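Written out below as structure tokens is the structure these notes cover.
The values are calculated or read from the model by the stated rules, or taken from the named source; none is laboratory data. It should be emphasised that the depicted structure is a prediction, and the values quoted were computed from it without experimental measurement. Cβ atoms come from the backbone with ideal geometry, glycine included; neighbour counts cover every protein chain shown.
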Amino acid sequence: MTLVFALAFGNSNATEKEVIIEVVFENLTEKDLNSGVFFITETNERIEISNTKSFTVKLPSKGKYQFGFATDEFNAYTYYPARISSKKNTITIRLEEKKEKIFKTRYSHFPLNKRTNLTDEQIELEISKGSLNFIIHGIDNTIPEGFTEFKEKYGIGVQKENCVVDPLSFKKANENNQMISDYLTEKYGKNWLNELPIKPFGIK
């Protein structure tokens, strides 16, 4: 009886730590959304979206998260609280008309022709120049705490891009992050993952 109670109590505590977020859309256009991807950086989760109906997602605990939405049909802006809790748990995705001139200027920071299949020697050259970075997305330019120490140790920093994410930039950022991850794992094993302040999307 005591064991059953302890297990039930443990499961109750685990459930209490979980947070349910609600994702809502603001479509400022007259077009329907047909395809997009909602992603959560810290949990490495991707959710395929085909309409603007609200939906919920379960997170393991309250805290800081980075959310984003990628679609080639709209300019998509993602807004959310700095810290997620049971009371601050609404993620808003605003869809606006896609304009070609905005596309050309928004994504100039991470060149789409940047190679994401570098050899180890080429990666080490980029590290020596201080130009190799993980790519993350967010609504501001603040860099997550701990990345200064991470770069001092491993030579790899982080580059933060605008929260407006088009599918091609999203794909290139994922490939870039996975390339760096493979290099670090081959050189240091899995231990470096424990020192990563946040997990950029694309890292398994």
Filtered residues of the range 23-57 (kept if surrounded by 11 or more Cβ atoms within 10 Å (Cβ to Cβ), under 17 Å from the mean Cα position of the chain (by Cα), assigned to a strand (DSSP E or B) and of a type outside the set (A, V, I, L, M, F, W, C)): 36, 45, 46
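Given 200, 167, which one is under 17 Å from residue 69 (Cα atoms), touching a residue at least 24 places away in the same chain (Cβ under 8 Å), in contact with a Phe, Trp or Tyr (Cβ under 6 Å, 6 or more places away or on another chain) and not charged (D, E, K, R)?
Numbers: 167 fails: in contact with a Phe, Trp or Tyr (Cβ under 6 Å, 6 or more places away or on another chain).
From the options 200, 167, the qualifying one is 200.
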Residue check, residue 24 modelled with pLDDT of 90 or more, closer than 17 Å to residue 74 by Cβ and of a type in the set (A, V, I, L, M, F, W, C): yes
